[in-house]
Amino acid sequence: MTTLETPRLILRPLASDDLSDFVEMLSHPDVYPMMGFARTPDGAKRARTLEEWRPRFAYRIAQFEWEGFGEWAVVWRETGDFAGVVGLQFYLLDQGNIATPEVELFYGLKRAWWDKGIIKEATNEVVRYAFETLKLRRVTSVCFRENERSANVMRRVGMIVGPHPGNPDGEMFGSLDNPAAGR
C-alpha cells in the first residue's frame, strides 16, 4: 500500500486505529453536514455514530488492496497527529441521460486543522500520484453547492468547477485532465 509524503504531511492508508479520529472529524457540526451525514426521522442532518461508520471504514481500509488506491489518513509530520483524510474512489457520474465511470478526489479535515493549507497540500500530492503513478486520464470531485470551501479546494488543485451535470441545483462538479493525456 502506498504512502505519500509532502514537506509537512504524511499521507498513509487508513488503519483501524484511525476510526475514532475519523468519527471525531465527521462529528463536528461544521463538517458532517457536508460529508457523511445521516438523517433524523424529520429529515434533518446528523452526525453518524462510530458504529454507523465502522462498516464503511472497514471497506475503505480494504479498498487499497482491491483497487490500488483509496483513502489516506492526512497526518501532520511534526507531531503524528491525524488531521483528516484525502482519497480517490470510483464514482459513477450521472449526467442525466447517461453516466460515466470516473475517479473522484475527496477530502476532509478536522475542524482544528482548517485554514492551514493542509488540504491543498494533500490534494495536490494525491492528484500528482493519480496522474504520474496511476496514469489516470482525469480526476473529478463533487461537493454540495453550498460548500464553497470544498469548491475552492477543487479550484486550487486546478479543476474546472461548475454545476454538477446530473444535479445542477444541489451539487458542484470539478474535473482536471491529466496534462500528459494531450500528448
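Looking at Arg111, Arg138, which is the one that is touching an Asp or Glu at 6+ places or on another chain (Cβ under 7 Å), within 23 Å of Asp18 (Cα to Cα) and of a type in the set (Lys, Arg)?
After ruling out the rest, the residue left standing is Arg111.
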Failed item in (1) surrounded by 12 or more Cβ atoms within 10 Å (Cβ to Cβ); (2) at pLDDT 75 or above, with Pro41 passing the rest
(1)
What number of residues within segment 1-36 are at pLDDT 85 or above and not polar (S, T, N, Q)?
14
Result of the Cβ filter at 8 Å on segment 154-183, keeping first residues that are more than 22 Å from Phe131 (Cα to Cα) and partners that are of a type in the set (Asp, Glu), at least 6 apart or interchain, is Pro163/Asp169; Pro163/Glu171; His164/Glu171; Pro165/Asp94; Gly166/Asp94; Asn167/Asp94
Just to be sure I understand the filter: pairs with C-beta atoms under 9 Å, separated by 6 or more residues or on different chains, first member in segment 14-25 and polar (S, T, N, Q), second member in a helix (DSSP H, G or I). Which pairs pass?
Ser16/Phe57; Ser16/Ala58; Ser16/Ile61; Ser20/Leu50
Between Thr49, Thr100, Thr79, which is of a type in the set (Ser, Thr, Tyr), farther than 18 Å from Thr133 by Cα, surrounded by fewer than 20 Cβ atoms within 10 Å (Cβ to Cβ) and modelled with pLDDT under 80?
Thr49
Go through segment 59-93 and give me each residue that's in contact (Cβ under 8 Å) with a residue 40 or more places away in the chain and more than 21 Å from Ile119 (Cα to Cα).
Glu65, Gly68, Leu93
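The values are calculated or read from the model by the stated rules, or taken from the named source; none is laboratory data. If you're wondering where the values come from, they're calculated on a predicted model, not measured in any experiment. With ideal geometry, Cβ positions are generated from the backbone for all residues, glycine too; neighbour counts draw on all protein chains shown.
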